[in-house]
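The values are calculated or read from the model by the stated rules, or taken from the named source; none is laboratory data. Remember, it's a predicted structure, so these values are computed and weren't measured experimentally. Positions of Cβ are backbone-derived with ideal geometry, glycine not excepted, and every protein chain shown enters the neighbour counts.
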Amino acid sequence: MKLRISPALIVVAAGLALWEAAGLWSDLVRNVTGTPLTVGRELAAILSSSDIAFHFGVTALELGAGLVLAIALGLILSLGLGTWDYTHRVIEPFLIVANTVPKVITLPAFLMLLGTGYASKVAFGALHGMLPIAIIVSNGLRSVLANSQMQAAITMNATNGQLIRYILLPAVLPYLITALRLSVSLTLLGVILGEMYVARAGLGFLLMRWYGELQIPKMLSVVFLIGSLAFVLDFVFRRIEAAVWRDHGIRTDNA
Amino acid sequence: MTPSSAADRAVITFMNVDHAFGDSESGSLVPVVRDVCLTIEKGEFVSLIGPSGCGKSTLLSMASGFLTPNGGSVRLFGEEPALMRKHLGMVFQAFSLLPWRTVLDNITLGLEFRGVPKAERMALAKDLIGSLGLRGFEQRFPRELSGGMNQRVTLARALVLKPEILLLDEPFGSLDEQTRILVGGELQKLWEQMHPTTVLVTHSISEAVRLSTRVVVLTARPTKVKKIIPINIEGPRTGAAAAALEEEIWELLKDEATRAMLGDAGGNGGA
Amino acid sequence: MAGHSKPRRSRVLLVQLAALAALLALPEILVRGGMVSRFALAPTSEIAVRFWHLVVDGTIIEPLLETLLLIFITFVIVALTGLVIGFCFWRSDLSRRAFEPLMLTFYAIPGVIFYPILLVILGIGYPSIMGLGFILGVVPVIMGVQNALNGVNPVLGQTATVLGASTVAKYFKVILPAAMPGIGGALRLGFSYVVIGIISGQFLVSTGGLGKLVANYYDRFQSANVYAAAVFIILLAAAINAVLERLR
C-alpha cells in the first residue's frame, strides 16, 4: 500500500520532531528558543490577543500601499522599457544595478527623507516591488509587440485601439500576473525589513522587539506569522498565475 | 468586349525592388533582394519558390506593407501596400491565432475589427468552417487542436474577410506531408470558388506545381527572378506533365540551392 | 520587425549620463535651496567630500576588507553546497520532491526574518552574518543548478555513453560543460544574494562591516556620510556584478 503523502511534508514533520527532541539535550532549545510545542503555545496566545491584529494590520496596510505604488511605478517603467528599443537601452542598466545591489543601504535615506513612520516603509517596499513589474512586463510587451498575433491583426487592418484591446492587453496579462506574484513577495520584504530596522508598529517591529527582550518563543511565533503571510500570498498568486497561463495556452510563436 | 490591358489586370507589382538588411552600427549590409521585377495579375495563383535564405518572405513582407524596400517600389492596385490592407488577407507560418479565444472567435476576429455585428459574423463564418472541415470545433481552443487544424483556422480567418489578395508565407511549413497535401487541396478548392489573387511562398516544388497557375523561381541571395514557369495543366496536377514541370523547376533550383548552401556560411535561413 | 536601425550607442550613453547628472544635481539644489533639511539629505558636493574622505582617510578600508572576506568565504561555501545539493536533487527525484516545495516556499518568504534566529543560536558576529548570506544565496544556486542540468539535451549524455564514456567522464566532459552557462548564471545570482544577505545582516545587527558603517552614520545623524557610504557600497556591488558579467 503506497502512502500518498508529499515527501516534503515528511521532511517538515521530521524537522519539527528533531527540534522537539533537541529540547531534551540542548540548553539553548530548552531555555531560550523553546520547542515547537512552546512556540505553538505562544503563537496561540498571541493570536488570541488583540495586539496582534493591530500590528498585522499595520504591516498589511504598508504592504497594500507599497504594492499600489510599486505597480504604478513598475508599469510606467515597463512602458518605457518595453515599447521603444531606445528607451530600453537607456533604462536597462539602471534596473540591473537596482536589482543586484543591496537595497537595504538606501533604507536610511528613506527614513531620513520620509520619517520613521509608515511612509518610509511603503516607499521602501515599493522600491523592491516595482522592479519585477518593470522587468517582466516590459519583456512581455516586447515579445507581444513583435509576435505573429500582432502582425496578423495588423494585416486585418485593426486600429491601434483594437490592437491594444484585443491583442496587446490579453497577451500581456500572464506576464503581469507573474510579475505581481514576485512583486508582492518583494514589497513584503521591503516593508518587513524597514519595520525590523526602525519602526513603532508592524510584524517586523514585533520581531525585533521580542528579540531584544529575549522573548524568543514569541519571536519565533512572529517569524511563523510573517512566513505564513508570505506563503499564503504566494500560493494564491501562483494559483491565479497557473489559471491565466493555462487560458493563454501557447503564448509564444509556435510553428 | 474590350480586352482589359495588362496594366489594368496588374494587382501586385514589384518594380526594380532592392533591399538589404543591415546593422547601421556594425556597418555590415546584407543585400537580400536585388532588382526584382514581377507583376502578378488578377486572379492568378503565383508561387514563389527559392532556396533557403533568399528573400521570398521579404518580398511578401513588402507586399503586405510591413517592409519598405530600400530601392524600387511595390504596389498593390497601384497604391502603397500599407494603405491597401483592407483588400488583403495573410497567412503566416508561425502560430498567430489568439490562444485565449475559441476557434470561432478567432475566425471572426477580422470581422470584429470591421464592426460587423455578431449574427452576421457567425453567418459569414459558417460556410468556411464547413469547407475547411472545422465543423464541431468552433468552441475549442487553439491549444486543443493539431497544427494542421490550427492552420485551417488561420486560413478561415483570412478568407472570411473575402480578400481580393491572399498572401501565404509558407503556411504549411510546420505540417507533415500528408496534412500539407490535404489542407493545400482545401485551399485550392476555396481559391477556385473565391478567386483571390494569391501569392504563396513555399519550399515545396510539388506544392507549387499542384496549386499554382504560375511558378516564380528565385535565385539565391541577392534574390532575383530566375525564371517564371506557367503551369498550364488542366485537371489534377498529377501525372507525366506535372512531373516534367517539377523536374524543370528542380533543375533551376538545384543550382541556386547549392549556391545558397555554400555562400550562406554565416547567414540565417528562411528570409 | 526588420528595417529599424539600432540606436547609436553614443546617443544612449549621452542620455544616461545626462540622467545621472540630473540625479546628482538634485540633492545639491534641494538642500542648498532650503527645500529639504540637512538632516534628511546633503548637498552633492558635501557627499562627494565625505566620499573622498571615506576612501582616502582609510575609514572604509577595515569594513570593506571585512565585508569582502565574509562575502568571499560565504560565497565559496554557497557555491560548493549549492552545486552538490543541486546535483543530488537533479539525480534523485525523491529528494527533489521532498525539498523543492520547501525551497519554493522559501523564495516567497523574506529571508531576513531568519536573521534574529541566527543571532540567538550563533550570537552576534561573523557566523550569523555568514549564515544569513548562506541562506539567501544557496537556494537560488540549488534551483539554478537543477534547471541548468535539466536544460542539457539528454541526447548529449546518450551520445557520450554510446561513444564509450565512463559515468565520471560523461559528467565531467559532457554534461557539466553543457550546463556551464546555466550554472554560471545560477552562481552569479547566488553571489548577488550573498552580498545582499551579508550587507543586510551587517546593517541590522553586527559588530562591523560596510553595512554597520552606514547604520552608524544614520544613528549619529550624519546624513552626508550616510549617503557617501551608501554610494560607495552601490558602486562596489555594481562593479563586482559587472565583472562577474564579463566573466560569462
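Residues in region C:82-98 include none that are exposed (fewer than 15 other Cβ atoms within 10 Å of the Cβ), away from chain A (no Cβ under 14 Å), in contact (Cβ under 8 Å) with a residue 40 or more places away in the chain and assigned to a helix (DSSP H, G or I). Of all residues in region B:43-90, those that are farther than 20 Å from B:His19 by Cα and in contact with a Lys or Arg (Cβ under 7 Å, 6 or more places away or on another chain) total 2.
Among the helices (runs of 4 or more DSSP H) confined to region A:140-230, the ones with at least 2 residues that are touching a residue at least 12 places away in the same chain (Cβ under 8 Å) and under 30 Å from A:Leu37 (Cβ atoms) are located at A:169-197, A:203-212. Restricted to region C:149-188, and to residues there that are under 30 Å from C:Ile240 (Cα atoms) and either among the charged types (D, E, K, R) or in contact with a His (Cβ under 7 Å, 6 or more places away or on another chain) (or both), the residue that is surrounded by the fewest Cβ atoms within 10 Å (Cβ to Cβ) is C:Lys173. Scan region C:170-184 and give yes if some residue there is more than 14 Å from every other protein chain (Cβ to nearest Cβ) and within 15 Å of the chain's Cα centre (by Cα), otherwise no. Within region C:170-184, one or more residues are more than 14 Å from every other protein chain (Cβ to nearest Cβ) and within 15 Å of the chain's Cα centre (by Cα).
Yes/no matrix, rows are residues, columns are (1) surrounded by 15 or more Cβ atoms within 10 Å (Cβ to Cβ); (2) without any contact (Cβ under 8 Å) to a residue 40 or more places away in the chain; (3) in contact with a helix residue (DSSP H, G or I) (Cβ under 9 Å, 6 or more places away or on another chain):
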| position | (1), (2), (3) |
| --- | --- |
| C:Val12 | yes, yes, yes |
| C:Ala19 | no, yes, yes |
| C:Leu26 | no, yes, yes |
| C:Val31 | yes, yes, yes |
| C:Met35 | no, yes, yes |
| C:Phe39 | no, no, yes |
| C:Asp57 | no, yes, no |
| C:Leu64 | yes, no, yes |
| C:Ala79 | yes, no, yes |
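Pairing each residue of region C:228-248 that is modelled with pLDDT of 85 or more with any residue that is polar (S, T, N, Q), provided the two are 6+ apart or on different chains, yields C-beta distances under 8 Å for C:Ala230/A:Thr106; C:Ala237/A:Thr100; C:Ala237/C:Ser192; C:Ala238/A:Thr100; C:Asn241/A:Thr100; C:Asn241/C:Ser192. Here region A:85-106 is the region considered, the condition is being of a type in the set (A, V, I, L, M, F, W, C) and surrounded by fewer than 16 Cβ atoms within 10 Å (Cβ to Cβ), and the residue that is farthest from the other protein chains (Cβ to nearest Cβ) is A:Phe94. Kindly check whether there is at least one residue in region C:210-217 that is in contact with a helix residue (DSSP H, G or I) (Cβ under 8 Å, 6 or more places away or on another chain), closer than 17 Å to A:Ile96 by Cα and either facing chain A (nearest Cβ under 9 Å) or modelled with pLDDT under 95 (or both). There is no residue in region C:210-217 that is in contact with a helix residue (DSSP H, G or I) (Cβ under 8 Å, 6 or more places away or on another chain), closer than 17 Å to A:Ile96 by Cα and either facing chain A (nearest Cβ under 9 Å) or modelled with pLDDT under 95 (or both). For region C:65-77, does any single residue satisfy the condition of being away from chain B (no Cβ under 14 Å) and farther than 30 Å from C:Pro140 by Cβ? Looking through region C:65-77, none of the residues is away from chain B (no Cβ under 14 Å) and farther than 30 Å from C:Pro140 by Cβ.
Conditions (1) more than 12 Å from chain B (Cβ to nearest Cβ); (2) more than 18 Å from the chain's Cα centre (by Cα); (3) on the phi > 0 side of the Ramachandran plot, marked per residue:
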| site | (1), (2), (3) |
| --- | --- |
| A:Ile164 | yes, yes, no |
| A:Leu168 | no, yes, no |
| A:Ile177 | yes, no, no |
| A:Glu195 | yes, no, no |
| A:Arg209 | yes, yes, no |
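Of all residues in region A:1-28, those that are under 30 Å from C:Arg96 (Cβ atoms) and in a helix (DSSP H, G or I) total 16. Determine if region C:221-233 includes at least one residue that is surrounded by fewer than 22 Cβ atoms within 10 Å (Cβ to Cβ) and part of a helix (DSSP H, G or I). Scanning region C:221-233 turns up at least one residue that is surrounded by fewer than 22 Cβ atoms within 10 Å (Cβ to Cβ) and part of a helix (DSSP H, G or I).
Results for (1) modelled with pLDDT of 85 or more; (2) out of contact with any Cys (no Cβ under 7 Å at 6 or more places or on another chain); (3) crowded, with 17+ Cβ neighbours inside 10 Å, shown as yes or no for each residue.
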site	(1), (2), (3)
B:Val199	yes, yes, yes
B:Val215	yes, yes, yes
B:Asn232	no, yes, no
B:Arg237	no, yes, yes
B:Leu245	yes, yes, yes
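Has region C:153-169 got at least one residue that is within 14 Å of another protein chain (Cβ to nearest Cβ), more than 18 Å from A:Lys103 (Cβ to Cβ) and at pLDDT below 95? Scanning region C:153-169 turns up no residue that is within 14 Å of another protein chain (Cβ to nearest Cβ), more than 18 Å from A:Lys103 (Cβ to Cβ) and at pLDDT below 95. The residue that is farthest from A:Leu206 (Cα to Cα), counting only those in region A:57-84 that are modelled with pLDDT under 95 and within 14 Å of another protein chain (Cβ to nearest Cβ), is A:Trp84.
Conditions tested, residue by residue: (1) over 30 Å from B:Thr13 (Cα atoms); (2) crowded, with 21+ Cβ neighbours inside 10 Å; (3) touching a residue at least 12 places away in the same chain (Cβ under 8 Å); (4) small (Gly, Ala, Ser).
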site: B:Arg101; (1), (2), (3), (4): yes, no, yes, no
site: B:Ala119; (1), (2), (3), (4): yes, no, no, yes
site: B:Gly130; (1), (2), (3), (4): yes, no, no, yes
site: B:Gly133; (1), (2), (3), (4): yes, no, yes, yes
site: B:Glu138; (1), (2), (3), (4): yes, no, yes, no
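Please determine, by comparing only the residues of region B:150-180 that are away from chain A (no Cβ under 12 Å) and basic (Lys, Arg), which one is surrounded by the most Cβ atoms within 10 Å (Cβ to Cβ). Step by step, filter region B:150-180, then rank; the result is B:Arg152. Within region A:30-58, if we keep just the residues that are in a helix (DSSP H, G or I) and of a type in the set (Ser, Thr, Tyr), the residue that is surrounded by the fewest Cβ atoms within 10 Å (Cβ to Cβ) turns out to be A:Ser48. Quick one: would you say A:Gln151 is in contact with a strand residue (DSSP E or B) (Cβ under 9 Å, 6 or more places away or on another chain), surrounded by 17 or more Cβ atoms within 10 Å (Cβ to Cβ) and modelled with pLDDT under 95? Answer is yes for this residue.
Looking at region C:172-185, can you tell me whether even one residue there is under 24 Å from C:Leu136 (Cβ atoms), among the aromatic types (Phe, Trp, Tyr), in the same structural domain as C:Gly125 (by TED's automatic domain parsing) and part of a helix (DSSP H, G or I)? The answer is no; no qualifying residue exists.
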